[in-house]
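See structure below.
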Amino acid sequence: MTESFDIVIIGYGPAGIAAAGGAVREGARVAVVESHAPGGACLHRGCIPYAVFIDKLRYGADAHGARASFDLPSVLGDIRRTQERMVEDLEREAVRLGIKMIRGRATIVSGGSVRVSTSDGAEREIGASRIVVAAGRGEAGTTEGYTQDGVRPVPGRVVHAERFFDEVTEIPPSAIVVGGGTSGIELAAALNSLGTRVTVFEAEPELFARAGRFASRRFTDMLEERGIAVRAGARVVSVGTGDDGTVTCEFDGAAGRETSDAAIAVVATGRRHDCRRLFASEELARNLGVRFDAGRIVVDEDGRSGCATIFAAGDATAGPCYAHRASADGRRVSAAIAGHPRGDGENRRRAQAGAAGRDVPHCVRTGTEFGFVGMSADDAQASGVPAVTGRAWAAANGYAVATGRTGGFAELVFALTDDRRPGALIGAQVLCPPASELIAACLLAMRAGADAETLAETVYAHPTFSELLGEAARNALTKTR
């Protein structure tokens, strides 16, 4: 007899965890099908391993950033122990919430049923009133789905960023990083701190162009001042190894076809998405009304696909591939299934902005962190939104001066009111050690509709980097008086 549930969730990473927890709190009977350990790419291949690695660098540094010693095997052990603890915590919480955990590979066979295949070859079918696809981008431990053409993985030499801590056992003297996104830049900065000569290749003309030209250029300058070579606008053609083990990267740059050598190459361009593999056939998905765009499931503002019973969240849908975005998607989906859709009025506007990535904070942890959210001044100009920016420099901030970290800034973008005064905050770009924390405060201010005067009049603790926000708001006010 087929066992049935109110909701079957495929995948138990950030999106699945949030969707399951929200659904249980609404009284639903929930089953989760997970082919790997709980936690998704965030816990096993991304956020958490990188957080442990970067934390050991941050707190093991002297005042000038040099490392007296760095024991990579010990850090790798810390990463494994952290992952094991968090997996145990997730499994314990699932039991506490009454979530049925099913280990195996899921295949959607109808709008209300999922086939589960286990490692021993057994199969079972489970029924569901609603199905939530939260399966992320690909399977852990595979080398399939690289988004970088011309790259063949070579264990320990040409590695995907998601497998760096599985394959690299010693700090290399030199490294090529293909891809200037979050994981690529974080790894480049970490290796640079350990004495590795690092070159980053990014196909786009600028790093993090969505932050705006000013912020992007300042961040790139900071990386280059640290000794990281940034080759923006360089398209990698191939990466291979020679007989002596040297890795050679061939790329097209401003001067034409060039090459660069290093001890290892790290591919940080993500993975291709292909959620079609979760359906018994493409014909089935098409008949159900499920559509795909670049391998991701097309959904509305509530996470519903073209099939009324199938939802999707996180990396399975369009938007930035961040765990925090996935968690927000999971909460939105569980609310919609419970009858609390957010697709109306102001909530619809915010949901659409979130899908476009403007309500999703971007954070890069590089010692001096870089964070941005919402519109940049360039975005506002291109969109025809009258706006004014306010800027504050860390060089004039007491805490930055006292701690010798004066290279950053905060830039806030305010929409102009009808009388040409700085109104609501619509974007922020921050470069300073706690930028990932400050950008969350900026997003909260944006969602609350805070204006320049509110931010300028807020009392910030002294001495802290948070004072940059007040100074930036006051700077914007002075520009329109």
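Any read-out appearing in this document is the output of simple, stated calculations on the displayed coordinates, not a laboratory observation. Owing to the predicted nature of the structure, the values given are computational and were not obtained by experimental measurement. Every residue, glycine as well, gets a Cβ built from its backbone with ideal geometry; the counts of neighbours run over all protein chains shown.
Each DSSP beta bridge with both residues in the range 158-267 is either parallel or antiparallel, and the antiparallel ones are about 45%.
Pairwise inverse Cα distances across the range 368-479, averaged and inverted, put the Kirkwood hydrodynamic radius at 13.6 Å. In order along the range 413-424, the Karplus-derived 3J(HN,Hα) couplings, from 6.51 cos²θ - 1.76 cosθ + 1.60 at θ = phi - 60°, round to 10, 10, 6, 7, 7, 4, 9, 6, 9, x, x, 5 Hz, and Gly and Pro are given as x. Here's how it looks for Val177: its modeled amide H is under 5 Å from those of Thr199, Val200, Phe201, Val266, which are all 5 or more places away or on a different chain. Each Cα pair under 8 Å and six or more residues apart adds its sequence gap; the mean of these over the residue count of the chain is a relative contact order of 14 percent. Calculated FRET efficiency, Val109 and Val401, Cβ-Cβ r, R0 45 Å, to nearest 0.05? For Val109 and Val401, the calculated efficiency is 0.10. Among the cysteines of the chain, those with no neighbouring cysteine Cβ under 4.7 Å are Cys249, Cys275, Cys307, Cys321, Cys363, Cys432, Cys442.
Entry note, the chain: the mean residue ellipticity at 222 nm calculated from DSSP H runs of n ≥ 4, each adding -39500 (n - 2.57), is -10500 deg cm²/dmol after division by the residues and rounding to the nearest 500. Averaging over all projection directions, find the projected area of the Cα convex hull of the range 158-267 and quote it in nm² with one decimal place. Its average projected convex-hull area is 6.8 nm².
What the Cβ-Cβ distance of Asp89 and Asp274 gives, at R0 = 30 Å and to the nearest 0.05, is a FRET efficiency of 0.50. Bin width 20 Å, origin at 0, all Cα-Cα pairs of the chain: what percent of pairs per bin? Pairs per bin, as whole percents: 22, 52, 25, 1. Couplings 3J(HN,Hα) for the range 369-385, derived from phi with the Karplus relation 6.51 cos²θ - 1.76 cosθ + 1.60 (θ = phi - 60°), are 7, 10, x, 8, 7, x, 8, 8, 4, 5, 4, 4, 5, 5, 8, x, 8 Hz, where x marks Gly and Pro.
Residues of the range 424-445 with an amide N closer than 16 Å to a point placed 7 Å from the Cα of Thr454 along the Cα-to-Cβ direction: 424-428, 440-445.
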